[in-house]
Amino acid sequence: MKNRILIWFMLVLGAFVHIACEELETVAINENVEANTLQDLSNNDIVLEFEDSDEIAVTFTWTAPEFGFKAGVVYTVEMDVVGSNFANAFDLAETRNLTTSVTVQTLNNAMLALGQNPFEAANMEFRVVSVVSSNVAPVFSTNQTASVTPYATSFPSIWGMGAGLKGWGPWPDNAVEWPSQQFKKYEQIAYFTNGQAFRFFEQLDWGPVSYNYPYFTSVSTVFENAGDGDSNLRVAAATGWYLVRVDLIAKTVTAEATQEPLMYMTGAGIGGWDQPGTGASIKMTYVRPGVFFATATFYNGQAFRFFAQANWGPTSYNYPYFTTVNALFENANDGDSNLRYVGTTGQQTVLVDVNEKTVVVVPPLYMTGAGIGGWDQPGTGASIKMNYIAPDTYQATATFYNNETFRFFAQANWGPISYNYPFFTTVASDFVNAADGDSNLRYVGTTGSRTIKVNLATKVVTLN
């Protein structure tokens, strides 16, 4: 027994001695290391541009550290805000060479990841970290600094709301989107009503940020200060369609009268080759410049195409025009290269974007459950297929039954995708979490016919 205890003690002691020796070896090695130097950057006033995303933004060159022995070193170039002491360092590049270059896109992504604002210069600090192994502490080079100005990679919309457009609420149903393709610059074609007021909002809600007439330094004469207590914008020009551009950097609003944006579908694929604007042709719903949607019954094996006016010409779009087309459509190869529908005859909602050159089939949305009449499989029985009324937005009118439950399904089946109460961030007060194991929606209002709207992008459920 004593021998076994002695052996155990010697093993433990040996382990401690081994660790201690490793630590001593590491310290000894690190005491002999000569730090390396990060040389002057190839550019220390860097203004990044989206158009140059694949170009080289900056090149780094450094000397090798002296570890006192031959070592295979891995070098990592780090970046952080000046004064942060690399507390949140972002790794720009890793190499075994003594030089490396970083593209505009890589540097821009790093700037945004570090919380820097687009189009605002920031002083950034760079260094090289040299690593040999886990037994040798990393070596940090001297630092270099540069001013870096990033560009924006996402462009959130703003929203118009008011009687001058579609009405003062509710959100999000009557909000008109002003999409953006450039940082804080927005464009939309919308229908305005003379003598009525509106304003712009940064979010799909009344607050916290909105922009009224006095916010801007220059406003088109199409609009005037409503002088209504909130200094909204009032439509001073004739009722009609206007192309309105908003620049929140220059604080300007420009407007010019324009024609209603039009897009039609016509062809045997939707019921007949009638002249656009007549017969079986379908006028699509305008979303934003170049983007339209419509719901129609499509007929298997039959062709159709898109027309940009209530006539056969001058502008139409056939299959080869688009770069991305849903698999339910193919090139008809009929001399005009129309689109042929190859799916099962039935109703589909199509979203066409002539800017991005895409044709998308919008997924359906069903409601089913005792809350609307019965737990029938989506697409059958009491279940209801909702109408697609705007991007990501569906609507249906149904009889809702007090204290009963239901949920939404993204296909004519029980799976794979459905949406229960916790999926949404804002839900009408007549619905509560059923807390029934599936967290369905429970209707707690009075039994009766109601109109429900669902926005899957903003995760909002409204009820009228």
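Rule-based calculations on the coordinates, nothing more; no lab input. Keep in mind that this is a model prediction, so the values were computed, not measured. Using ideal geometry, Cβ is built from the backbone for each residue, glycine included, and neighbour counts are taken over all protein chains shown.
Modelled label-to-label distance, Asn43 and Trp241, 7 Å Cα→beta-carbon offset: nm?
Each label point lies 7 Å from its Cα, and together they span 4.3 nm.
Pop out the Kirkwood hydrodynamic radius of the range 264-362 from its pairwise C-alpha distances, inverse of mean 1/r, in Å to one decimal.
Values: mean 1/r = 0.0767 Å⁻¹.
Radius from the Kirkwood sum: 13.0 Å.
Is it possible to state the helix-based mean residue ellipticity at 222 nm for the chain, with each DSSP H run of 4+ residues giving -39500 (n - 2.57), the sum divided by total residues, to the nearest 500 deg cm²/dmol? What is it? Could the numbers behind the result be given before it?
Working: 2 runs with 40 residues, N = 464.
Helix contribution divided over all residues of the chain: -3000 deg cm²/dmol.
What percentages make up the Cα-Cα pair-distance distribution of the range 192-273 when the bins are 10 Å wide from 0?
Answer for the range 192-273: a P(r) of 16, 39, 24, 10, 10, 1 percent.
Mind pulling the angle between the C-alpha long axis of helix 2-31 and the longest principal axis of the chain? Nearest 10 degrees, somewhere in 0 to 90.
80
What are the lysines whose alpha-carbon lies under 20 Å from the alpha-carbon of Lys185, with same-chain residues fewer than 8 places away excluded?
Straight-distance partners of Lys185: Lys251.
Which value in nm describes the separation of the simple spin-label points at Ala410 and Phe140, placed 7 Å from the Cα toward the beta carbon?
About 4.5 nm separates the two model spin labels.
Let me know the shape class of the range 366-463, please: from the alpha-carbon gyration tensor, a ≥ b ≥ c as square roots of the eigenvalues, rounded when a/c is under 1.5, otherwise prolate if a/b is greater than b/c, or oblate.
It is rounded, given that a/c, with a ≥ b ≥ c, falls under 1.5.
How big is the equivalent ellipsoid of the chain along its three axes, where each semi-axis is √(5λ) from the Cα gyration tensor, reported in whole Å from largest to smallest? Display every interim value, and only then the final one.
Working: eigenvalues 626, 225, 140 Å².
Its equivalent ellipsoid spans semi-axes of 56, 34, 26 Å.
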